[in-house]
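Participant: One structure is given below, represented as structure tokens, and several questions about it will come after.
The values are calculated or read from the model by the stated rules, or taken from the named source; none is laboratory data. Not measured: the values here are computed from a predicted model. Reconstructed Cβ throughout: ideal geometry from the backbone, glycine too, with neighbour counts over all protein chains shown.
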Amino acid sequence: MDSSQRLKLLRIVLFSDAVVLVLLGVLLVAASQIMFTWFGMRDMPPGAHYMAGMWGALMATMGLGYALASREPEASHAWVIAGIIRAVLEVGVSAAYLVTGMVNLRNSGLGILLALWFAVAYLVFYPRTSPDQDIATTQVKPG
């Protein structure tokens, strides 16, 4: 796969991640009770709704950043790296909570699958200037 194909696919991944984050974020802000129910979490304390709303605001904001980065991913290295790190951390945290029994597969399954998909997609489509050099170490010339 050549670098222009990888870049095009990376744009799609960034924009897809943006859509997912903005939708989940808006739903967490506007309808946390519905979101808790969808993920099998009932009778949540009022403070959990506040935390869900704050988390939703963060997700929506990050999603907007990914949407902007999808326009020019070759100039948005930090966003791509943040996407990789975020997705890998989400998989790890979700797996840890699942293994310890704090959540079950119904609570965490969709999140694990989405995070795993985005982690793999970012890593696969992350452009490399040569086989042993990645975009994070490439100098970008101004102008």
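Participant: Are any residues in region 45-70 farther than 20 Å from Ala121 by Cα and either in contact (Cβ under 8 Å) with a residue 24 or more places away in the chain or part of a loop (DSSP other than H, G, I, E, B) (or both), and if so, which ones? Spell out how you get there, then give the answer.
Facilitator: Filtering region 45-70 down to residues farther than 20 Å from Ala121 by Cα leaves 45-58, 60-61.
Selection gives Pro45, Ala52, Gly53, Trp55, Gly56, Ala57, Leu58, Ala60, Thr61.
Participant: Among residues belonging to region 1-39 that are among the charged types (D, E, K, R) and touching a helix residue (DSSP H, G or I) at 6+ places or on another chain (Cβ under 8 Å), point out the one that is modelled with the lowest pLDDT.
Facilitator: Here is the first cut: in region 1-39, the ones among the charged types (D, E, K, R) are 2, 6, 8, 11, 17.
With the extra rule that they be touching a helix residue (DSSP H, G or I) at 6+ places or on another chain (Cβ under 8 Å), the set shrinks to 6, 11, 17.
Values: Arg6: 86, Arg11: 94, Asp17: 95.
Residue satisfying both the conditions and the ranking: Arg6.
Participant: All but one of (1) of a type in the set (D, E, K, R); (2) in contact (Cβ under 8 Å) with a residue 12 or more places away in the chain; (3) surrounded by fewer than 17 Cβ atoms within 10 Å (Cβ to Cβ); (4) touching a helix residue (DSSP H, G or I) at 6+ places or on another chain (Cβ under 9 Å) hold for Arg42; which doesn't?
Facilitator: So the condition that Arg42 fails would be (2).
Participant: Of the numbered conditions (1) outside any loop (DSSP other than H, G, I, E, B); (2) under 19 Å from Ala121 (Cβ atoms), Ile34 fails exactly one; give the number of that condition.
Facilitator: Here Ile34 meets the rest and fails (2).
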